[in-house]
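For reference, the structure is listed below as structure tokens.
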Amino acid sequence: MKTPRKGPVKQDLYGAVDLHGDNGLYCLINERDERVFQPRLPNDLKTVLRALEPFRERLVKGLAVESTFNWYWLVDGLQDHGYTMQLVNTTKVQTYSGLKQSNDKTDAFWLAHLQRLGVLPTGYIYPRAQRGARDLLRRRMLLVQQRTAHVLSFKSLVERETGDHVSANTVKALEADKVDQWVSGEAAVLMGQTNVRVIECLDEQIKGLEKAAQVQLKLLPNYQCLQQIPGIGEILNLVIMLETGPIERFAGAGNYVSYCRAVRAEKLSNQRKKGENNRKCGNKYLAWAWMEAANFALRYSLEIKRWYQRKLQRCGGKTVLALKAVAAKLAKAAYYMLKNQEAFKMKQVFG
């Protein structure tokens, strides 16, 4: 009796995508780092699903996708069809230094290779249900920064034309027909009115986004304690909550503060600075939120302001460095408040 012939053994595969604005380079490799499948596919979910279907069951670790500006549609779509997805932390990926030439094919292959070895740096895939509210507040952040730019533009206009100083609160409350009280000359008045009208428009849009975010999402009970920190109101607390996510995903306070970009990234040798390490590794939105919290804390807390002034003297008058130190203190305190559900202790943090 003849023994039935065995079919070819299906090998385990590892896969990654080098994602671009209108296409992606897909690379699937086997245990021997041999390229099994490496097409360039358009950013169309049906096309991608059709191309990957023959390999679905063999992707033992799923598919790794670069955390680019446009990953939502691909990760969500493939997850809906049963694929395991990994989001690559591009700021931590170390390119192979031995490459003489690199391109999309080598980039996708390198990510798949790191996935096979189990050393691919990955990020947190934020829950889809809360992503919309988070992105609303990110858009609000953009508008706040643009409003600040126009406020500073008006302040510099006044100082340039008259030598006088005008506060930011005065600029925000100024009406377009009152600009001539601060500057004279047709061109200067027109520039000032342009700034004021844009500020008014941005104010309206910012309030609209805040209202929409508050309707969509309420503060989780474990995050309400953060409003004990001087300078943190409901909106800033929402930003911190949405950008932080579950506090359990951080191994320690240092990891969280680093994620907030509130630690130094200096490269020192013999007590001399030789450059910088990966300072962009982290969440830029959370970094902005804690710097905002630090600014507000200086206004509303005398204890924090005194600590800031002492720090300012020790770091040679570098205001940004001293302010970031305040932000790091607040972020570290917030970590323990969230993890242990304890109150904010001013003396312990800034004593």
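The values are calculated or read from the model by the stated rules, or taken from the named source; none is laboratory data. Just so you know, these numbers come straight off a predicted model, no measurement behind them. Counting neighbours? That spans all protein chains shown, and the Cβs are built from the backbone with ideal geometry, glycine included.
Just to be sure, is Glu53 exposed (fewer than 13 other Cβ atoms within 10 Å of the Cβ) and in a loop (DSSP other than H, G, I, E, B)? Answer is no for this residue.
Report yes if Asp164 is of a type in the set (D, E, K, R) and assigned to a helix (DSSP H, G or I), otherwise no. In short, no.
Does region 87-105 include one or more residues that are under 20 Å from Arg56 (Cα atoms), not in a helix (DSSP H, G or I) and not small (Gly, Ala, Ser)? Yes, region 87-105 has at least one match. Taken together, Lys305, Lys273 contain a single residue that is modelled with pLDDT of 95 or more and of a type in the set (D, E, K, R), which is Lys305.
Within region 64-87, is even one residue over 26 Å from Lys280 (Cβ atoms), touching a residue at least 40 places away in the same chain (Cβ under 8 Å) and not assigned by TED's automatic domain parsing to the domain that holds Ser258? Checked against the condition, which is being over 26 Å from Lys280 (Cβ atoms), touching a residue at least 40 places away in the same chain (Cβ under 8 Å) and not assigned by TED's automatic domain parsing to the domain that holds Ser258, region 64-87 yields no hits at all. Exactly one residue out of Gly118, Gly163 is at positive phi and assigned by TED's automatic domain parsing to the domain that holds Asp203: that is Gly163. Here Tyr126 passes the criteria (1) in a loop (DSSP other than H, G, I, E, B); (2) loosely packed, with under 15 Cβ neighbours inside 10 Å; (3) within 22 Å of the chain's Cα centre (by Cα) except the one numbered (2).
Residue under question is Gly231, and the condition is that it be over 15 Å from the mean Cα position of the chain (by Cα), modelled with pLDDT under 90 and surrounded by 12 or more Cβ atoms within 10 Å (Cβ to Cβ); does it hold? Yes.
Of all residues in region 85-112, those satisfying the criterion of being of a type outside the set (A, V, I, L, M, F, W, C), in contact with a strand residue (DSSP E or B) (Cβ under 7 Å, 6 or more places away or on another chain) and modelled with pLDDT of 90 or more are Gln86, Asn89, Asp104, Lys105, Asp107.
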